[in-house]
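The values are calculated or read from the model by the stated rules, or taken from the named source; none is laboratory data. The model shown is predicted, which means the values in this text are computed figures rather than measured ones. In this analysis, Cβ positions are derived from the backbone assuming ideal geometry, glycine residues included, and neighbour counts consider all displayed protein chains. All accessible areas refer to the heavy atoms of the entire protein, side chains included, with ligands and DNA or RNA removed. Shrake-Rupley method; radii C 1.70, N 1.55, O 1.52, S 1.80 Å.
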Amino acid sequence: MPTPTTTPTTMTTALNGVSICEERFLDDLAHFASIGGRPDGGVDRVAGSAADVAGRAWFAQRIADAGLVRHVDAIGNVFGTAPGSEGPYLLIGSHTDTVPAGGRLDGAYGTIAALEILRALHEAGHPAARSLRIVGFFDEEGARPESTGGLTGSTAFCSGEGIRDVSAFLELHIEQGPRMEAAGTELAVVEGIVGVQRFSVTFFGETNHAGTTPMAGRADAGRAAMKLASRVQPMVLGIDRDMVMNIGFIEFVPGAPNVVPGEARLVVEWRSGSPYALTEATRELDALARWTAADESCTVSVERISDKRITEFDPALCDTVERACRITGGRQERLLSYAGHDASVLAQHVPTAMLFVPSRGGVSHSPKEDTSDAQLVRGCQALLQSVIGYGAGAGDADAS
Ligand SMILES: [Zn+2]
């Protein structure tokens, strides 16, 4: 893990003559959270729900209220630009939807921060406002029952005409994990998003009477599945100690207390930022499953059911964000995201990077999701600095 570095805090205002309005930013964030707001502090704004429609309408209205130009595309993504602006644009933003019983910050934070940044630049008459576009993407979470996995709005945008006018994309987001809090960092440059693979493993044995069949004579598919389940974690950690895995689904057939399972299926998911680890784990899972099946007089089939590639963000844009973090101040680091984001879609088309602030207790997709106001403001300032740095030609600015 990279060593966090500390730089002295520098006032945004003093450097660029443009600053976000902290109070307005936090007020807007609170208002957005009230749309679909729950008594426990969480938010229900699942894409396509009445609250989601109301939330996106409010966001578009706030863009107009600031004297900016709003635009809503066919799928429901909401955009804002300064009047008289022209492309190619640096696009900044995140998503407007939440999971059911989600938190107030996931998606909303990066969306409202983008609004505040364009508003502040526009009010200050800063040239960066003329080539900046903000976005609140529709349905990132894929939490609707009919959803096929989320990233709906960003995927639609990238397959349309709109992406042609975009020169780069930056997304500010909460970390949604405990790594930054543990490292004591306030800002993180995200270098990429881990790859995610899922495997369906099915063991085939022989259904039989659970009382009359001697233990030694069974072909118990359930026992094979449980043995494999306990062996996958040591296997992946032996390959790469930063890898994470999960077995979130297991099924016995026929599934009765007095019947030896003749068939058992489990789904193994893992995530890693290392292509080697993903390939090696795939190879070892196959061998481990076969060995485990043989152990229990069963046979097995291993099928890869999904494979989300590793996303590598643009190194030059990551450097621009890192310089911006240094100007903003606070302890910072570089890390990988273990959660998926709209940025992974944009990264397939334009230079892309992300910026994280810590999540209190590492909690997300929960009403308990939280980050301090000071951290939220710092992240917003760092994104503002990134926008200014990008507009100024980050390479030139660094050389001077
Ligand atoms: Zn999100």
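Brief remarks follow.
- All other residues whose Cβ lies under 13 angstrom from that of Asp220 are scored, Lys and Arg at +1 and Asp and Glu at -1, for a net of -1.
- Inter-probe distance in nm under a simple model that places probes 7 Å from Cα toward Cβ, at Thr148 and Arg164: 2.5
- A 1.4 Å probe run over segment 162-227, with the rest of the protein chains in place, finds 37 Å² accessible per residue.
- Sulfur and carbon atoms: percent of accessible area, segment 195-308 [1.4 Å]: 52
- Each Lys and Arg contributes +1 and each Asp and Glu -1, all at the Cβ; summed about the Cα centre of the chain, the dipole is approximately 340 debye.
- Nearest-20 debye value, segment 195-308 charge dipole, Cβ charges on Lys, Arg, Asp, Glu: 120
- The stretch between Ala124 and Thr212 holds 23.4 nm of extra length on full extension. This uses 0.36 nm per residue minus the Cα-Cα distance.
- Hydrophobic, long helices, defined as DSSP H runs whose alpha-carbon span along the helix axis is 24 Å or greater and whose mean Kyte-Doolittle value is at least 0.5, occur in the chain at 221-239.
- Highest mean first, the peptides 74-80, 225-231 sorted by other C-beta atoms within 10 Å per residue fall in the order 74-80, 225-231.
- Listed values for segment 355-363 are Karplus-derived 3J(HN,Hα) couplings in whole Hz (6.51 cos²θ - 1.76 cosθ + 1.60, θ = phi - 60°), namely 9, 10, 10, x, 10, 4, x, x, 8, and x replaces Gly and Pro.
- Under-5 Å amide H pairs with Arg133, H placed in peptide plane, nonlocal only: Leu90, Leu91, Ile92
- Near Asn208, the amide H atoms lying under 5 Å from its own belong to Val260; only residues 5 or more places off or on other chains count, and H is placed 1.01 Å from N.
- Of interest is the spacing of the C-alpha centroids, which for segment 258-334 and segment 64-135 amounts to 33 Å.
- Relative to its Kirkwood radius, the Cα radius of gyration of the chain gives an Rg/Rh of 1.06.
- For segment 195-308, dividing the convex hull volume of the Cα atoms by the residue count gives 83 Å³ per residue.
- Distance from the alpha carbon centroid of segment 353-397 to that of segment 190-252 works out to 38 angstrom.
- Taking Cα centre as origin and charging only the Cβ of basic (Lys, Arg, +1) and acidic (Asp, Glu, -1) residues, the dipole magnitude of segment 130-225 rounds to 260 debye.
- Look at the dipole of the chain built from charges on Cβ: of Pro127, Gly192, Met243, the Cα furthest out on the positive end belongs to Met243.
- Neighbours of Ala182, meaning other residues whose beta-carbon lies under 14 angstrom from its beta-carbon, give a summed charge of -2 when Lys and Arg score +1 and Asp and Glu score -1.
- Debye log10 I(q)/I(0) for segment 257-352, one point scatterer per Cα, at q = 0.14, 0.16 Å⁻¹: -0.74, -0.85
- Here the Gaussian network model covers the chain, with springs between Cα atoms less than 10 Å apart; of Ala47, Ala33, Ala124, Ala124 fluctuates the most.
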